[in-house]
Amino acid sequence: MGKRRKQRQRKRKAAVDRDVISRLPDEILCNILSFLPTRTSVATSVLSRRWRYLWKKVQALDLNDDFFYTPELSRNEAQERFLIFLKKFEPLLLPLPMRKFCLSCPVGQFGYTDLIGWIEHVIGRVSELYFSVRTDGQTYELYFRNLHSTSLVSLVLDGNIMLVVDFVPTPSESIFPSLKNLELHVTFNYVDLDLLLSGCPALETLRLTLIDFRLEAFHMPPSLKSLTFEEQYSDSEDVTLELLEVNTPSLEYLRLTLRGCYAEILVCDYPNIKRASLDISRKSGNIAWVPKLLRALCKTKFFWLQVSTIECLICAPVLDLPNFCNLIQLQLDFHIFQSSLLIDLLHSCPKLQALKIYISQFVDSISSGSYLKSRNGWTQPLSIPHCIVSHLNTVEHRGYLNSPEEHEFTAYILQRGLVLKTMTIHTKYSLESKSEIYEALSEIQRGSSMCRLEVN
């Protein structure tokens, strides 16, 4: 018996010696636990005495209701249990400041006031605040009586929330003087968004998805390095706004999805821009300034022009494309393939390495039409775009319909692409048709001996 006891003791000692993590300082362990959902963090308390109360020292709460939704519980029962679960953590909101507070759950009339109370209580004490809700179809107010925090560095509000601010700062007063990241997916009818953003002098990353957004003018903070701005409207009414100002000279990333019509846009030079994506509705006011925006973004390295933006360029009375001197990857989404615009863009991208073409038309709806079979807008370019013979090594074409225009353009790239490595064609045709496409393109003499052709 004594021998077996000693063996067990040696095994336990060996296990303790191998438990390197438990011997780390509290500060490091708490930092590790702060990246886990709070429920997982609490579960570590059963590991050993060392871990029993460690989770209470973590300066982060990440609470969500995912694990309450089981087949055994109704929706209302799950919500009720989640609110009871939240109340157990209420004492943790009172002591020392927290680094992060995340709350993700559904809301209805039941318990919503308690949730809003939590947000109002912690907003002035945390560095990072994330509040995401799923609603029952109604819009609920997030009502701030005193919108101010010197500690907040990151704020994310997501859900069918109507932000209401009963606090009007002076123009020189900073609402969030330390805020660097702001993400809002909300309804903005009762707040001056310009005033809110002007109170964030240190803001670097802004992601806005605004529902039923109606302001005469909107000015982006000049300190921004990353901007994602998307509008959504619940009705089909045309919305006209006077001005969008993006005077942000430090900008490195831009994504615009605009459904309204802007009479004017104010831009600047963006010397640090690296990625840009434009999805701008084809409205008469927008068509006039889209080329100006392209000129401002001429130093970007990655560019994505979506269908509506392409249509703005096609409809522009005068299209003076800039020289995209740094561009290495270009993605173009066409409603219908336009080789003339594509060639013009290639002439303006001397260092382009990767070209992605997406055609949004569905094969089933137009492949049998005489329009597809007869249309050929291809015109042989007077000169070869420099990127084709010097830099372009990858071409991907999705939604390929095998129209005469598409075939001629593909043949042109295969013949003159001296450094081309991969030409990939994606089509929705049958396997037999794919074989025919592959055979037809395979007969074309290629300018690059290392070029690989794929038809999927």
Report task. In nm, give the distance between the simple-model label positions of Ser178 and Lys56, each being 7 Å from the Cα along the Cα-to-Cβ direction. Result -> 2.6 nm
Report summary line: Between the modelled labels at Ser284 and Asp66 (7 Å from Cα along Cα→Cβ) the distance in nm is 5.0 nm
Report summary line: Per the rule of 0.36 nm per residue minus the C-alpha distance, extending Arg452 to Thr240 adds in nm 71.5 nm
Report summary line: Sorting Ser433, Ser339 on solvent-accessible surface, 1.4 Å probe, most exposed first, gives Ser433, Ser339
Report summary line: For 408-415, 436-443, ranked highest to lowest by mean beta-carbon neighbours within 10 Å, the order is 408-415, 436-443
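Using 0.36 nm times the number of residues separating Glu436 and Ser132, minus their current alpha carbon distance, what extension gain do you get? Don't skip to the answer; put the middle values down first.
Numbers: separation 304, 0.36 × 304 = 109.44 nm, distance 5.09 nm.
So the chain would gain 104.4 nm between Glu436 and Ser132.
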Report task. Tell me the label-point distance for the pair Ser22, Asp194, using the 7 Å Cα-to-Cβ offset, in nm and rounded to one decimal. Result -> 6.2 nm
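Taking 0.36 nm per intervening residue step and subtracting the Cα-Cα distance, what contour gain separates Asp269 from Glu77 on full extension?
Working: separation 192, 0.36 × 192 = 69.12 nm, distance 5.53 nm.
Going from the current span to full extension adds 63.6 nm.
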Report task. Over the range 411-456, consider all pairs of different Cα atoms and compute the Kirkwood hydrodynamic radius from their mean reciprocal separation; express it in Å, one decimal. Result -> 10.9 Å
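Cα-Cα over 20 Å: which of Lys299/Lys421; Lys356/Lys428; Lys57/Lys88; Lys292/Lys356; Lys57/Lys180; Lys225/Lys283? Working shown, then result.
Details: Lys299/Lys421 25 Å; Lys356/Lys428 17 Å; Lys57/Lys88 15 Å; Lys292/Lys356 23 Å; Lys57/Lys180 26 Å; Lys225/Lys283 28 Å.
The answer is Lys299/Lys421; Lys292/Lys356; Lys57/Lys180; Lys225/Lys283.
Using 1/(1 + (r/R0)^6) with R0 = 30 angstrom and r between the beta carbons of His426 and Val389, what's the FRET efficiency to the nearest 0.05?
The formula returns an efficiency of 0.75 here.
The values are calculated or read from the model by the stated rules, or taken from the named source; none is laboratory data. It should be emphasised that the depicted structure is a prediction, and the values quoted were computed from it without experimental measurement. Here the Cβ is made from the backbone with ideal geometry for all residues, glycine too, and neighbour counts use every protein chain on show. Note: areas computed on protein heavy atoms with side chains; ligands, DNA, RNA excluded. Shrake-Rupley method; radii C 1.70, N 1.55, O 1.52, S 1.80 Å.
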